[in-house]
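Every number here is computed from the coordinates shown, using simple stated rules; none is lab data. Bear in mind that the values here come from a model prediction, so they are computed numbers and not experimental data. Note that each Cβ is placed from the backbone with ideal geometry, even for glycine, and that neighbours are counted across all protein chains shown.
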Amino acid sequence: MKGIVLISGSGSNLQSIIDNAKNIDLDIQAVISNNKDAYGLTRAQAANIPTHAIDHKQFFSREEFDQSLSQTIDQYNPGIVILAGFMRILTPEFTKKYEGKMLNIHPSLLPKFQGLNTHQRAIDAGESEHGVSIHFVTAELDGGPVIAQSKVKVIKNDTAESLAKRVLTEEHQLFVQVIHWFTQNRLKLNNNIATLDNKAL
Ligand code: GAR
C-alpha cells in the first residue's frame with residue numbers, strides 16, 4: 001500500500017516504519033514535515049524517500065497550510081496517511097478528507113493526557129501506568145477512535161525523559177503492527193468505530 005508519513009521532529013517512529021516497511025507491505029512514497037530542520041527528513045533522505053518541507057509559518061492561516069499539505073499528499077494518491085510525531089493541529093476539512101485512512105500516534109493512554117507534555121503530566125498526576133495510543137484521526141484533537149495501546153509502568157524517580165524513552169520503545173513496535181493491520185485491509189473505521197477483522201476494538 002502506498003503511504004505518506006508526516007513528521008515534525010526526530011522521526012524515530014519514522015525510522016522504525018522505514019526499517020519495517022517491506023515486512024508490512026508499505027511503500028513510503030514521501031515524508032512531509034512542517035519543520036524544515038526535522039531530523040526525520042535526513043532519515044528519509046538516507047533511505048532515498050522523497051521529502052517535502054512545508055513551513056507552516058509561511059501561511060496566513062491553518063486552512064491555507066492544510067490546503068498546501070493536502071495538495072502535496074494527493075500527488076502520491078496514498079492509501080494511508082501516517083502521522084508520526086506530526087505536531088500541528090489539523091482543520092476539520094483536512095481530517096474529513098482523510099478520515100478512515102489517517103492514523104496518529106500519541107504518547108499517552110488516551111483519553112488521558114491529550115495534547116502536549118504527556119509524560120510529565122502522567123508523572124505529576126501520580127499515574128502508575130502510562131503508555132502510547134494509536135488512533136484514527138478525526139476532527140477532535142487526539143480524540144479519534146483508539147485502535148491499540150501499549151502500557152509501561154511508571155517507576156520511582158522516573159523523569160519525563162526516562163519515561164518518554166520507555167514509551168518510545170513501545171511506540172516503535174505498536175505503530176508498525178497497527179500499520180500492517182491497515183495495509184492488510186483488516187483495520188477499518190466504520191461509523192466512528194475502529195474495527196479489526198470486522199470486530200469493534
Ligand atoms: C512521539 O512520542 C509521538 O508519540 C509524539 O511525538 C513523538 C515523536 O517522536 N506525538 C505526539 O505527541 C502527537 N500529539 P519521533 O519524532 O521520534 O517519532
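Rounded to the nearest 20 debye, what is the charge dipole size of the chain about its Cα centre when +1 sits on each Lys and Arg Cβ and -1 on each Asp and Glu Cβ?
Values: 20 positive and 21 negative charges, 62 e Å.
Using only the charged Cβ atoms, the result is roughly 300 debye.
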Which of the lysines could a cross-linker bridge to LYS22, judged by Cα under 26 Å and excluding same-chain residues fewer than eight apart?
-> LYS2, LYS101, LYS165, LYS188
How about LYS57: which lysines have a C-alpha closer than 19 Å to its C-alpha, ignoring those fewer than 8 places off in the same chain?
-> LYS36
Cα convex hull of the range 90-201, projected area averaged across orientations, nm² = 6.9
Which aspartates and glutamates have a Cα lying under 16 Å from the Cα of LYS112, excluding residues fewer than 8 positions away in the same chain?
-> ASP124, GLU127, GLU129, GLU140, ASP142
Degrees, to the nearest 10: 62-74 long Cα axis against longest axis of the chain | 70
Using only Cα atoms, figure out Rg for the chain and give it as a multiple of 2.2 N^0.38 Å.
-> 0.98
Report relative contact order for the range 1-143 in percent, whole number only (criteria: Cα-Cα under 8 Å, sequence separation at least 6).
-> 23
Projected area, mean over directions - the range 1-59, Cα convex hull, nm² = 3.7
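Under 8 Å for C-alpha pairs, at least 6 residues apart: give me the relative contact order for the range 89-201, rounded to a whole percent. The partial results should precede the final answer.
Details: 183 pairs, mean separation 27.5, N = 113.
The normalised contact order for the range 89-201 reaches 24 percent.
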When the chain is modelled as a GNM with alpha-carbon springs shorter than 10 Å, which of ASN104, ASN48, ASN34 fluctuates the most?
-> ASN48
For the range 1-104: rounded, prolate or oblate by the Cα gyration tensor [a/c cutoff 1.5] | oblate
Of LEU116, LEU110, how do they rank once you tally other Cβ atoms within 10 Å and put the fewest first?
-> LEU116, LEU110
Provide the percentage of antiparallel DSSP beta bridges, counting only those with both residues in the range 1-154; round to the nearest 5.
-> 40
